[in-house]
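Asks: One structure is given below, represented as structure tokens, and several questions about it will come after.
The values are calculated or read from the model by the stated rules, or taken from the named source; none is laboratory data. Given the structure is predicted, the values throughout are model-derived calculations rather than measurements. Quick reminder, even Gly has a Cβ in these numbers, built from the backbone with ideal geometry, and neighbours come from all protein chains shown.
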Amino acid sequence: MFFAGYVKFPLTVVHKWYIYMYMHKDNQEIQLSRIGIGCWAFGGGEYWGEQNQKDVDAVVHAALEKGLNVFDTARMYNDGASEVSLGKALKGRRDKAFVISKVSPARAYRKTLKEECETSLRNLGMDYLDMYMMHWPINPLGIKHFTSDPEIIARPPSTEEAFAALGELKNEGKIRHIGVSNYGVKQLQEAVSFCSEIAVNEMPYNIISRAIEAEIMPYCAEQGIKIISSMTLQQGVLAGIYKTADDVPPHQAHSRHFSQERGKGVSRHFEAGAEEEVFRTVALLRELAAELGVSVAQLSVAWVLANPGIACALIGSRSEKELDENIRAMELKLPDEALEKINRVSLDALKKLGNNPDYYENSKESRIY
């Protein structure tokens, strides 16, 4: 079981890798596969580099054939190129997919939010989204990451008008479900006061990013809001790609897991990081993976899926080979002893990083609260 003060989940969970279904408050059935495809790299861009459309097509088609249906993209991913690429891959297969896109808090005025949705639909070549999310909560720090326009910063959208616009889009049939991403408890409470139909909160969650266990996960469970986990492999760190912090590229090392200096101008948290604790955990994962005859990535994904508080875990797959490896994690039932070891060792990183799930800002100045 998990340690006192953190969410507890059974160590013997029977995994079902096929479609996970639940009924939401509005009595509309939502179907989510246990693993979803994170589409940030689709379309290629500075952050992840080039991405061949043939590989995107292969990943998307194979995912659908193997029973995965969740595809998570956003307008900000490669300036819309991710949406365009996903739309191409899903051509002729739209009815098999659950497509999620997101809108920037800087574009959350009633008029601009609806315009952004129309742009996403055009990019995707679709006439509706299965779910449309607020990408980040509407607050000054969050908005500054999406715009430098002084008028927007001075007079930001309100939560009330943003969720009213989302409700209008749902009534118009442009979106089927409303979701949020990176929302803390207070921000969820505010959002729920204006919109009772929030179905999902997408949050970072993995072995070394466990902040949501303390408050956000229990609150979402109480409210019937499902959690989709992002950063399931912590941008490759939990896939066993890197043996030490020195091996991690600056773009993947600008979270609070790493020292400010490690990010080489990309980091903005100005903290010492938790590199020793993180790579002590990674070393354990390597040992356990070897003992169990699985990859580090499969072990990391299986740990996330063992938590019934996670409805779907997003994983980026650059090729069909990577996808196949990730899918095998759904069939992996981790021994109790292995889970206990992972929980115990990763607790050091949790204590160092704290219960703030915004891993890219200073822990005392968060976009999530």
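Asks: Does V103 meet the test of being more than 16 Å from E172 (Cβ to Cβ) and within 22 Å of the chain's Cα centre (by Cα)?
Replies: Here the answer is no, as V103 does not meet what is asked.
Asks: Looking only at segment 112-168, filter to residues that are of a type in the set (K, R) and assigned to a helix (DSSP H, G or I); which one of those is surrounded by the most Cβ atoms within 10 Å (Cβ to Cβ)?
Replies: Filtering first and then ranking leaves K114.
Asks: Which of the numbered conditions does D348 fail, given that it passes all the others? Conditions: (1) part of a helix (DSSP H, G or I); (2) more than 28 Å from P218 (Cα to Cα); (3) of a type in the set (D, E, K, R); (4) in contact with an Asp or Glu (Cβ under 9 Å, 6 or more places away or on another chain).
Replies: For D348, the failing item is (2).
Asks: Looking at segment 223-282 only, could you name the residues that are among the hydrophobic types (A, V, I, L, M, F, W, C) and free of Cβ contacts under 8 Å to residues at least 24 places away in the same chain?
Replies: Filtering segment 223-282 for residues among the hydrophobic types (A, V, I, L, M, F, W, C) gives 225, 227-228, 231, 233, 237-239, 241, 245, 248, 253, 258, 266, 270, 272, 274, 278-279, 282.
Residues satisfying the conditions are I241, V248, A253, F258, V266, A272.
Asks: Quick check on this structure: which one of K264, K243, K226 is on the phi > 0 side of the Ramachandran plot and of a type in the set (D, E, K, R)?
Replies: Selected residue: K264, the only one of K264, K243, K226 that is on the phi > 0 side of the Ramachandran plot and of a type in the set (D, E, K, R).
Asks: Considering each of S259, S319, S295 in turn, give the residue that is modelled with pLDDT under 95, surrounded by fewer than 23 Cβ atoms within 10 Å (Cβ to Cβ) and of a type in the set (G, A, S).
Replies: S319
Asks: Which of the residues spanning segment 359-369 are of a type in the set (D, E, K, R), more than 14 Å from K186 (Cα to Cα) and touching a residue at least 12 places away in the same chain (Cβ under 8 Å)? Quick ask: steps written out before the conclusion?
Replies: In the first step, residues of segment 359-369 are kept if they are of a type in the set (D, E, K, R); the result is 361, 364-365, 367.
From what's left, more than 14 Å from K186 (Cα to Cα): 361, 364-365.
Answer for segment 359-369, where residues must be of a type in the set (D, E, K, R), more than 14 Å from K186 (Cα to Cα) and touching a residue at least 12 places away in the same chain (Cβ under 8 Å): E361, E365.
Asks: Still on this structure: Which is part of a loop (DSSP other than H, G, I, E, B) and under 23 Å from the mean Cα position of the chain (by Cα), of H251, H257?
Replies: Answer to the check: H257.
Asks: Out of all the residues in segment 292-321, which are among the charged types (D, E, K, R) and touching a residue at least 12 places away in the same chain (Cβ under 8 Å)?
Replies: R318, E320
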